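What follows is a set of notes on a single structure, which appears directly below.
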Amino acid sequence: MKQTAFERYAPFIQEYIYRKGWTDLRQVQIEACEAILDGDSNIVIASGTASGKTEAAFFPILTLLEQSAPESVGVLYISPLKALINDQFERLNELLNDSGIPVWLWHGDAPQSMKRRALKQAWGVVQITPESLEAMLMRHPGDACRLFSDLRFIVIDEIHALMGEDRGLQVICLIARLERLTGCRPRRIGLSATLNDYRPAMAFVSAGSGRDATAVGIQTGKRTISLSAESFVLPQDEAGSFRVMREYYNFLYDNSHLRKCLIFANSRNSAEKIIANLKEIAQERGERDVFRVHHGSVSAELRRETEEALRDGEGPTVAAATLTLELGVDIGDLDTTVQAGAPYSCASFVQRLGRSGRRSGRSQMLFVSLHREEDGSPLDALPWELLRSIAVVQMYLEERWVEPYAPKRKPFSLLAHQTLSALMANVELTPRELAQNVLRLPPFADRISAEEYRELLRYMVEQDFLQRLTDGGLIVGLKGERITGHYSFYGVFQEEESYSVVAQEGEIGTLAECPKVGATFALAGASWQVLAVDEKRRKIFVQRASGVRVPSWSGAGGSVHARVVKRMRQVLAEDAEYPYLQPSARTLLQRARELARQQRLLERRVLPRGGRAFCLCPWTGTKELQTIERLLSCGLKAPLKVLGVVNRRHFLIVESGLEADAFVRELRNIEVDPDDPASVLPENHAPRVDKYDWMVPEPLLRTAFLYNQMDIPAALGVLRNIGSDC
């Protein structure tokens, strides 16, 4: 008789389930149990937020470890966030309490004493960030070999946050290097809550492993969704705009202050401004201040306090957050989530929606958008954020669609980074050995040619990042030693220069720019006055103050997929009513539809703007629109002369030497070489986009920009369709 998943688990796991009072297992846990215990493939577990993915992976993995103990650490858990590792550490400690299997933290904030004990025992589960794994493989390959010589499983959490990014490619490089170092071939388990098409995730998890992958999990489960969307229209006059902004913040306050609630904002500036205004309203009404801020420029300690307040605090707690709380850090059972503005992607919407309703099974999200009335073309008058919110919701409800994973075609920045790391680990390698060590790593194989790598190595030698010895071998050069000697080298994500903000109670967070002594600003949900500045140590010393001036941080917003923009166009074209729209949002959408029909915005891709300027609205995604902008500025020849292009996110304002009709007719005959960087870049211009691009020669940077940032074939298709409209 076939055993149930519960019966197959190790006794200490069964006892844990009894203690928790669980009456049954979730479907994803049953599927993962069978896939892990009965097969040998890599696995992607894709199921909704708070659906039990971690237990789905670890229950059968730990059962196998108990049945056949490895001679080293048996499980390596890789997470993109230290906070998520700390959260999972507590959960795994409780699970493993009676098992004899230890779990170890291994990241920048973990105690050195714990790391020493882990090295001594070399057994159990290690939880690590990509950066700490990079440091170990680069600085202490012997320790890595001792810890992981008989590694059985690698669990990669939140793979959707890694796929398509240099950091995700770095993880694949690190796993391949670890396998090569230890000679073991652990199975890989990827976890995610926002997958629709499993295939790209399966390819990502299995890259270079020689193993097939299978996928388990359910997308919908038993959870129901409750949605609501409202809009506020800002008039052009200052007094009217101020009045509507007060209505907007009062609306946010009334829909959050009595609940456990997350307000998601699309920027740090917006999160701080929202909380500053909600605190002001609480003070005016004489009500309790329950408002907090959580984003990357708030100190780790204050972020942890916010997470604990949401998870364990009595009564209501409201936190405005950016993507820092999109991922799976445990913040308990929220009553609702609010999206201020429109999410840029379906994936982000799914993550944010899933943060509420863990116990009730009813996820709730309120969308609140601002629309500013503007003069100009009819396109300026469209409520783009409301349209994007509706499009994202409808695509998920109708298709369960989320954005696909797009691997980077020319990751030269990461290639330079991994070259230095490999040389630090091996001390000296010949160019051939270096190519065998680095160029064969999965993110570079079949993407970077041998000639491109030779060009990179020559440049790195010329610039003293590498040094060539008399026998032809390569070692790290003086510049390379300075780079690799700093802890920031272990990470491949961009870090902005910042000042630490320090008050009497400790570090508050960071600012991108330094205010003057005496100035006040809002940070971490409080107001501060600058007492002194230490430029050498980049520290700002502050005391509490009043006022709500919000500092500025960099950030250009998110990228919108072409399919989302196409669905936005459909929202304008159709007569469908969406039951989640509140009165003002319904009215705003109806006005937008009437405007679109009156001005034929859906048929006319080009609209006059006065003189020889016109609006070009091809209804395509951010990447394609940015490519069109570059093509118009750089790649077109006479008579398609362009005097200027302004990007308004969803459309372009073009000033040309031709009238709009004549310009569009010429687009029919447009010819651009899709493999020539000059099509999208001026001569001698090589943008630095990724962290280590300054170690890459200009010709390769131009190639990287062309293939990583642009999509000429898609842009040309859009332009030719515009031409066929006339």
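The values are calculated or read from the model by the stated rules, or taken from the named source; none is laboratory data. Please read these numbers as outputs of a predicted model, since none were measured by experiment. When we count neighbours, we look across all protein chains shown, and the Cβ atoms used for this are built from the backbone with ideal geometry, even at glycine. Accessible surface is based on the protein model in full, side chains and every heavy atom, while ligands, DNA and RNA are left aside. Shrake-Rupley method; radii C 1.70, N 1.55, O 1.52, S 1.80 Å.
Inter-label distance, Asp375 to Leu469: 7.2 nm, where each label sits 7 Å from its Cα along the C-beta direction. Under a plain spin-label model, where a point goes 7 Å from the Cα along Cα-to-Cβ, how far apart in nm are Phe493 and Trp694? Going by the 7 Å Cα→Cβ label model, 2.1 nm. What the Cβ-Cβ distance of Tyr18 and Arg604 gives, at R0 = 56 Å and to the nearest 0.05, is a FRET efficiency of 0.25. Taking the three principal axes of the alpha carbon atoms in the stretch 228-291, the coordinate ranges are 34, 27, 24 Å, sorted in descending order. Applied to the stretch 163-178, the Karplus parametrisation 6.51 cos²θ - 1.76 cosθ + 1.60 on θ = phi - 60° returns per-residue 3J(HN,Hα) values of 4, x, 9, 4, 5, x, 5, 4, 4, 5, 4, 5, 5, 5, 5, 5 Hz, with x for Gly and Pro. Computed from backbone phi with θ = phi - 60° and the Karplus coefficients 6.51, -1.76 and 1.60, the 3J(HN,Hα) list for the stretch 107-112 is 8, x, 9, 6, x, 4 Hz; x is used for glycine and proline.
Mind ranking His140, His685 by accessible surface for me, highest first, 1.4 Å probe? All intermediate terms of the calculation are to be shown ahead of the outcome.
Working: His140 100, His685 75 Å².
Greatest to least solvent exposure: His140, His685.
So if I average 1/r over every pair of distinct C-alpha atoms in the chain and take the inverse, what Kirkwood radius in Å does that give? Walk me through the numbers on the way to the answer.
Numbers: mean 1/r = 0.0358 Å⁻¹.
After inverting the pairwise mean of 1/r, the radius is 28.0 Å.
Taking all Cα-Cα distances within the stretch 464-518, those exceeding 14 Å account for 72%.
Structure note, pairs Lys53/Lys260; Lys82/Lys408; Lys539/Lys691; Lys410/Lys691; Lys82/Lys479; Lys516/Lys539: Cα-Cα distances above 19 angstrom occur for Lys53/Lys260; Lys82/Lys408; Lys539/Lys691; Lys82/Lys479. Each label point was placed 7 Å from the Cα along the Cα-to-Cβ direction; for Glu535 and Leu643 their separation is 4.3 nm.
Computing FRET efficiency as 1/(1 + (r/R0)^6) for Cys145 and Arg285, where r is the C-beta to C-beta distance and R0 is 60 Å, gives about 0.45.
Over the chain, DSSP H runs of length four or greater, each weighted -39,500 (n - 2.57), average out per residue to a 222 nm ellipticity of -12000 deg cm²/dmol.
Considering only DSSP beta bridges where both residues belong to the chain, give the percentage that are antiparallel (nearest 5). The partial results should precede the final answer.
On the way: 33 of 91 bridges.
Approximately 35 percent, going by the DSSP bridge assignments.
Computed over every Cα-Cα pair of the stretch 332-452 and binned at 10 Å starting from 0, the pair-distance distribution P(r) comes out as 11, 25, 16, 17, 20, 10, 1 percent. Per-residue surface analysis assigns Asp676 an accessible area of about 60 Å², computed on protein heavy atoms at 1.4 Å probe radius. Backbone phi angles across the stretch 430-446, fed through the Karplus curve with coefficients 6.51, -1.76 and 1.60 (θ = phi - 60°), yield HN-Hα couplings of 6, x, 5, 5, 5, 4, 5, 6, 10, 5, 8, 5, x, x, 10, 4, 6 Hz in residue order; Gly and Pro are listed as x. Aspartates and glutamates near Lys20 by alpha-carbon distance under 19 Å, same-chain residues fewer than 8 away left out - which ones? Qualifying aspartates and glutamates at Cα under 19 Å: Glu7, Glu55, Asp87, Glu90, Glu94, Asp98, Asp312, Asp330, Asp333. In the context of the full set of protein chains, residues of the chain present 43 Å² of accessible surface per residue (probe radius 1.4 Å, heavy atoms only).
These residues, Arg563, Arg243, Arg432, go from largest to smallest accessible area, 1.4 Å probe, as Arg432, Arg243, Arg563. Rounded if a/c is under 1.5, else prolate if a/b is larger than b/c, else oblate: which is the stretch 489-644, with a ≥ b ≥ c the root eigenvalues of its Cα gyration tensor? It is prolate, given that a/c is not under 1.5 and a/b is the larger ratio. Our summary of shape: the Cα atoms of the stretch 582-726 have principal axis extents of 54, 41, 24 Å, ordered from largest down, in whole angstrom.
In square nanometres and to one decimal, what's the mean projected area of the convex hull around the Cα atoms of the stretch 424-466? Each step should come with its number before you reach the end.
Numbers: hull surface 12.5 nm².
Here the figure is 3.1 nm², rounded to one decimal.
Can you tell me the length gained on complete extension of the stretch His486 to Arg91, counting 0.36 nm per residue apart and subtracting the Cα distance? Spell out each step's value before the answer.
Details: separation 395, 0.36 × 395 = 142.20 nm, distance 3.27 nm.
Value of the extension gain: 138.9 nm.
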